[in-house]
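The structure appears below as structure tokens.
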Amino acid sequence: MEDTIAAISTSTVSSGGISVVRISGENALSVAQQVFRSKKNKNVEDMESHTVHYGNIYNGEELIDEVLMVVMKAPNTYTREDVVEIDCHGGILVTKKVLEAVLSAGARLAEPGEFTKRAFLNGRIDLSQAEAVIDVIQSKNEYALKSSVRQLSGKLSEKIKGLRELVLNNVAYIEAALDDPEHISLDNYVNKLSIDVDKCVDNVDNLLKTCDNGRIAKEGIRTVILGKTNAGKSSLLNALAKEERAIVTDIEGTTRDTLEEQITIGGIQLNLIDTADFVESIGVEKAKKLATEADLVIFVVDSTRTLDENDKDIISLIQDKKVITLLNKSDLTPVVTPEEMKKRLDCCVIPISAKEETGLDKLEDAIKELFFSGNLELNEDIYIANQRQKQLLIEAKEAFLLVKDGIESGMSEDFLTIDLMTAYEKLGYIIGEEVEDDLADKIFKSFCMGK
């Protein structure tokens, strides 16, 4: 924390219009002073906070680039330290040479996520918000981005802090009553405590219920395409992916293994898997495993052929799954109707033509209805997409349930506070009020350089 750090904060993979080299720390201004020469001969230390200045970057006497430099003074910065950002030309070589000049002037290269780690350690954001930063960066669809931005704004933090305050108020009252029983009474206090603990359990339960949708928002919907040989699975994959990803022929059994593709439909990411032809023994076992693990099964039925044993085997396999049935080849004369399919499998049935790419717009609506009650917009709910946070919520709930058991068994109030404080601690780990250094290091090392 005493070091002044620097890193390239824009992409280092390809050239662009501009690149940003970020400096943060106690000596950020003096480091910038050594490499920056203002066109107006201004001293960096004397520049006002949150102002932009035009000049050149030098490494010693070597001119590196013509730049704009942004000066931001503590505490109103991302890290709550002095921060300088140098906007240079976007070539990879020139950007690296600007960074080398900054490092030569006394800064050290930042570790992955170190700017955000400093923001956390300096109290600007809590741990759940810090984790949301990397989720925003890695968002692969609109839904994941909106969910991450809400957590970054502190919605989860507010909820957790409210629960912790409720717990702490009860613990403080009990301890005060035990220390001063003449003036503070615990008579019938367990009734109030029971109500508060029930409220805590309900709140934690509501957060845990969002975990599946949170994971889906972050990672996408694990989707398996099932269907008998030549039903049109690969044609569907190609139509959804908008390119020739699978080999499509009129010869049965062309697809011999699984094909995977990530696509986005209306802001929803589908992690699509086209299974091997179901009639093959190897494909059967793999299809069963994939169907078991999938969030969604897209069952492709050849509507021009009567349902056979292969179709019936698939139907028996997916009875308890979230399923959308696509009656393919609707451009031809069908022999299988939506009504017949709905009698066999209680799910949404959509006639389509993968070859002609018709009917696929209804698939988007069906997915939204199945997973998001027809509405992709985020409401005021908080969505938990982080496995660490989910596990801590589970442990907090277990502690609250122990308090409830203790109340029902007539346990004394001082013993109840033990489990209350366990719940308080577990909730604290979510937002970083309670955190170990090695955990913080592990979290921030998953970040990209410069963030």
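The values are calculated or read from the model by the stated rules, or taken from the named source; none is laboratory data. Bear in mind that the values here come from a model prediction, so they are computed numbers and not experimental data. Here the Cβ is made from the backbone with ideal geometry for all residues, glycine too, and neighbour counts use every protein chain on show. In case anyone asks, the SASA skips ligands and DNA or RNA and just uses the protein heavy atoms, side chains included. Shrake-Rupley method; radii C 1.70, N 1.55, O 1.52, S 1.80 Å.
Placing unit charges on the Cβ atoms of the charged side chains and taking the dipole of the chain about its Cα centre, the candidate lying farthest along the positive direction among I315, L226, V167 is L226. Measuring against 26 Å, Cα to Cα, the residue pairs K322/K362; K342/K362; K286/K321; K242/K451 contain K242/K451 as the ones spanning a longer distance. Which lysines, on any chain, are close to K192 with Cα under 28 Å apart, when same-chain ones fewer than 8 places away are left out? K192 reaches K155, K159, K161, K209, K390, K397, K404, K426. In order along region 225-237, the phi-based Karplus estimate (6.51 cos²θ - 1.76 cosθ + 1.60, θ = phi - 60°) of 3J(HN,Hα) comes to 9, 10, x, 6, 3, 6, 6, x, 4, 5, 5, 5, 4 Hz; Gly and Pro are listed as x.
Multiply the residue separation of N56 and E2 by 0.36 nm, subtract the distance between their alpha-carbon atoms, and state the gained length in nm to one decimal.
Numbers: separation 54, 0.36 × 54 = 19.44 nm, distance 2.75 nm.
The N56-E2 span can extend by a further 16.7 nm.
Sequence-ordered 3J(HN,Hα) estimates for region 101-110 from the Karplus curve with 6.51, -1.76 and 1.60 and θ = phi - 60° stand at 5, 5, 5, 5, 7, x, 7, 10, 5, 5 Hz, glycine and proline given as x. In loop segments of region 1-82 as defined by DSSP, the trypsin sites (Lys or Arg not before Pro) with at most 13 further C-beta atoms inside 10 Å of their C-beta are K39, K40.
Among S30, P181, L401, flag the residue with its Cα farthest along the positive direction of the charge dipole of the chain, charges on Cβ as +1 for Lys/Arg and -1 for Asp/Glu. Going by the charge dipole, the pick is S30. Solvent-accessible surface of region 124-235, averaged per residue with a 1.4 angstrom probe and all protein chains in place: 44 square angstrom. Take every Cα pair under 8 Å whose residues are at least 6 apart in sequence, average their separation, divide by the length of region 78-182, and the relative contact order is 21 percent.
Near I265, the amide H atoms lying under 5 Å from its own belong to L270; only residues 5 or more places off or on other chains count, and H is placed 1.01 Å from N.
What the Cβ-Cβ distance of D346 and K445 gives, at R0 = 41 Å and to the nearest 0.05, is a FRET efficiency of 0.30. When the GluC sites (Glu not before Pro) in region 54-120 are filtered for DSSP coil states and for at most 10 other beta-carbon atoms within 10 Å of their beta-carbon, the remaining sites are E61. Rolled with a 1.4 Å probe across the full set of protein chains, the surface gives T264 an accessible area near 80 Å².
A straight chain from N206 to R305 at 0.36 nm per residue would run longer than the Cα-Cα distance by 31.1 nm. Listed by chain and number, the lysines whose alpha-carbon sits under 26 Å from that of K42, ignoring those within fewer than 8 places in the same chain, are K73, K96, K97. 3J(HN,Hα) along region 60-76, derived from phi through the Karplus expression 6.51 cos²θ - 1.76 cosθ + 1.60 where θ = phi - 60°, amounts to x, 9, 7, 6, 9, 6, 9, 9, 10, 10, 9, 10, 10, 9, 4, x, 8 Hz, with x in place of Gly and Pro.
In the chain, the portion of solvent-accessible area held by carbon and sulfur atoms comes to 48 percent [1.4 Å probe, whole percent, DNA, RNA and ligands not counted].
For region 141-219, what does the relative contact order come out to in percent, with C-alpha contacts under 8 Å and a separation of six or more? The normalised contact order for region 141-219 reaches 56 percent.
Suppose every Lys and Arg Cβ carries +1 and every Asp and Glu Cβ carries -1, with no other charges. What dipole size does the chain come out with about its Cα centre, to the nearest 20 debye? Walk me through the numbers on the way to the answer.
Values: 53 positive and 80 negative charges, 285 e Å.
About 1360 debye.
Overall shape of the chain was characterised from the C-alpha gyration tensor. The equivalent ellipsoid obtained from it has semi-axes of 49, 40, 15 Å, in decreasing order.
Could you give the C-alpha radius of gyration of region 156-244 expressed as a fraction of 2.2 N^0.38 Å, taking N as the number of residues it contains?
Dividing the Cα radius of gyration by 2.2 N^0.38 Å gives 2.14.
Extending 7 Å from the Cα toward the beta-carbon at both R37 and I18 defines two label points whose distance is 2.2 nm.
The magnitude of the dipole of region 10-126, with charges of +1 and -1 set on the Cβ of Lys/Arg and Asp/Glu and taken from the Cα centre, is near 120 debye.
Counting alpha carbon pairs within less than 8 Å and at least 6 residues apart, what relative contact order, in whole percent, applies to the chain? This gives 16 percent for the chain. Take region 1-124, drop everything but the C-alpha atoms, weight them equally and run the Debye formula without solvent; then report log10 I(q)/I(0) at 0.16 Å⁻¹ to two decimals. Debye curve over Cα of region 1-124, log10 I(q)/I(0) at q = 0.16 Å⁻¹: -0.69.
Need one word for region 91-190: rounded, prolate or oblate. Basis is the Cα gyration tensor (sqrt eigenvalues a ≥ b ≥ c); a/c below 1.5 gives rounded, then a/b vs b/c decides.
Details: a/c = 7.50, a/b = 2.30, b/c = 3.25.
It comes out oblate by the Cα gyration axes.
Note on region 17-79: Cα-only Rg and Dmax are 11.4, 33 Å. Of all DSSP bridge pairs formed entirely within the chain, close to 65 percent run antiparallel. The modelled label-to-label distance for the pair E395/E293, using points 7 Å beyond Cα in the direction of Cβ, is 2.7 nm. Spin-label pair E158-L178: with each label point 7 Å from Cα along the Cα-Cβ axis, the two points sit 3.4 nm from one another.
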